[in-house]
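Read the structure below first, then the notes.
The values are calculated or read from the model by the stated rules, or taken from the named source; none is laboratory data. As the structure is a computational prediction, the values presented were derived from the model and not from experiment. Methodologically, a virtual Cβ is constructed for each residue, glycine included, from the backbone with ideal geometry; neighbour enumeration extends over all protein chains shown. Surface accessibility is based on the protein's heavy atoms, side chains included, excluding ligands, DNA and RNA. Shrake-Rupley method; radii C 1.70, N 1.55, O 1.52, S 1.80 Å.
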Amino acid sequence: MNKKEYQQINEVLYTEVLENGLTVYLLPKKDYNKTYGLFTTNYGSIDNEFVPLGQEEFVKVPDGIAHFLEHKMFEKEDGDVFQQFGRQGASANAFTSFTKTSYLFSTTDQVETNLETLLNFVQDPYFTKETVDKEKGIIGQEIQMYLDDANWRLFFGTLGNMYPKHPLHIDIAGTVASINEITAEDLYTCYNTFYHPSNMTLFVVGKMDPEEMMAFIRENQAAKTFAKAKPIKRHFPKETAADIVKESSIEMAISRPKVIVGLKGLDEVPTDGKALLKYKTTANLLFQLLFGNTSQNYLNLYNEGLLDDSFGYEFSLDRSFHFADFGGDSDQPEQLAERIEAILFSASGSSEVTEENLSLLKKKMIGKYFQSLNSLEYIANQFSQSLYGEATLFDTPEVIESIQLSDVQTFAQTFIKEDGVSRFYMYPKK
């Protein structure tokens, strides 16, 4: 078991790769009573074309199957796993993203019992035609709910413009038509390929003795048999800047227009874990300098009535994609989009991007980071989403401090390209 001390944040992370390939991370927090366990597979909604374990040819599975599989994992032949966690004094949940599926519990009691339940239910699938068919109606209602959500439609409309071929533009839950195609056999194919321990991580944070906890996990995993691990082959359609849809719009039952300016990353991202974390952090610093609610750009747009407190921006970076998006509600969406683009295209020489502003923002970002570490829930949920090779959530302060003004300016020059820009509008139904 490897032990790494992060002296700046006073944390110690224990790591071990078990014989079956599972990577385990333990973060003891002696002053807390609650414990979180998070079991994550490197498998999400975009992984719909791959070579199944034990086969040679690529197959394409129905859209939304990763999310469907997450739902079905909790239903077993002898009952519902949520009820079992409840009887053991724990709260359980799960979520599916574009690239990951996570199962988690939190408890103040019976930690090992609940951890055993987490490991056992995720590593023991049970699917039948009857249970699969029953779930289709439930998830169909969830899909319809998202179709009625204007901001959700706005976001996926933007993705559809930037990634018209890549499965990123497909709703994580799929469509009613696609989930109706899912069979129990499909679920087992995806499960056997992506839920192998070698493609998974286990993170436990809270009150524990790390030696005893790791011994307990080793024993649990050693008692199970898994197929021999093989590298997973995924396929994603190739896209170029020419595929980007420059502008599109829809109408919905909303009171005010909405707009998002999307900016697709066309450059190659770093491959080293810490360099990748620095790349993402540099992007967040740049866009906060340009559009943060204390920036002069934001104040000008606000005073001119082009935006309100619905305005937001984010930078997303994961395997096979990276992009930024900016927007919100506006009575003059076309003018807001033009101004956003003008700010982006002049970013490297912007009067907002200065040593003084960067220094203040870095201090603010580090302060928010330390404040967030008081929440075990934040640590548990962010840890698996912030794993970049050997770099973890706990390398963030060092990375923030290492970023110089020249790094921010270089990022602006290489990432912000006119070829990568797209607009998506949403107008009130007439």
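Just a few scattered comments:
- Subset of region 137-177 (residues that are assigned to a helix (DSSP H, G or I), in contact with a helix residue (DSSP H, G or I) (Cβ under 9 Å, 6 or more places away or on another chain), touching a residue at least 60 places away in the same chain (Cβ under 8 Å) and more than 23 Å from Lys258 (Cα to Cα)): Ile138, Ile139
- Residues of region 224-245 that turn out to be more than 12 Å from Leu18 (Cβ to Cβ), exposed (fewer than 15 other Cβ atoms within 10 Å of the Cβ) and not hydroxyl-bearing (Ser, Thr, Tyr), as a count: 10
- Set Leu360, Leu299, Leu286: member being of a type in the set (A, V, I, L, M, F, W, C) and in contact (Cβ under 8 Å) with a residue 24 or more places away in the chain: Leu286
- Region 79-115: number of residues that are among the charged types (D, E, K, R) and out of contact with any helix residue (DSSP H, G or I) (no Cβ under 7 Å at 6 or more places or on another chain): 3
- Test: residue in region 328-343 that is in a loop (DSSP other than H, G, I, E, B), touching a residue at least 40 places away in the same chain (Cβ under 8 Å), touching a strand residue (DSSP E or B) at 6+ places or on another chain (Cβ under 9 Å) and within 30 Å of Tyr103 (Cβ to Cβ): no
- Residue selected from region 246-265 under the condition open to solvent by less than 30 Å² (accessible area, probe 1.4 Å) and aliphatic (A, V, I, L, M), by the criterion farthest from Tyr425 (Cα to Cα): Leu263
- Residue-level check: of (1) at pLDDT 95 or above; (2) surrounded by 14 or more Cβ atoms within 10 Å (Cβ to Cβ); (3) under 27 Å from Ile400 (Cβ atoms); (4) not small (Gly, Ala, Ser), Arg319 misses just (1).
- Some residue of region 19-37 being part of a loop (DSSP other than H, G, I, E, B), open to solvent by less than 10 Å² (accessible area, probe 1.4 Å) and under 25 Å from Ile179 (Cα atoms): no
- Search result, residues across region 339-385 that are among the polar types (S, T, N, Q), open to solvent by less than 60 Å² (accessible area, probe 1.4 Å) and under 21 Å from Thr396 (Cα atoms): Asn357, Ser359, Ser372, Ser375, Asn381, Ser384, Gln385
- One residue from Glu314, Glu268 being modelled with pLDDT under 95 and outside any helix (DSSP H, G or I): Glu268
- Checking Ile170 against (1) among the aliphatic types (A, V, I, L, M); (2) open to solvent by less than 10 Å² (accessible area, probe 1.4 Å); (3) out of contact with any strand residue (DSSP E or B) (no Cβ under 9 Å at 6 or more places or on another chain), the condition it does not meet: (2)
Residues checked against (1) farther than 20 Å from Trp152 by Cβ; (2) among the aliphatic types (A, V, I, L, M):
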{"site": "Asn284", "(1), (2)": "yes, no"}
{"site": "Leu289", "(1), (2)": "yes, yes"}
{"site": "Phe323", "(1), (2)": "no, no"}
{"site": "Pro333", "(1), (2)": "no, no"}
{"site": "Glu341", "(1), (2)": "yes, no"}
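- Among the residues listed as Val122, Val81, the single one being at negative phi and either in contact (Cβ under 8 Å) with a residue 60 or more places away in the chain or among the aromatic types (Phe, Trp, Tyr) (or both): Val122
- A count restricted to region 273-306 and to residues that are closer than 18 Å to Gln332 by Cβ and open to solvent by 10 Å² or more (accessible area, probe 1.4 Å) stands at 8.
- The set of residues in region 6-16 being at pLDDT below 95 and in a strand (DSSP E or B) consists of Tyr6, Glu11.
- Yes/no for Asn93 being open to solvent by 30 Å² or more (accessible area, probe 1.4 Å), within 23 Å of the chain's Cα centre (by Cα) and over 30 Å from Lys34 (Cα atoms): no
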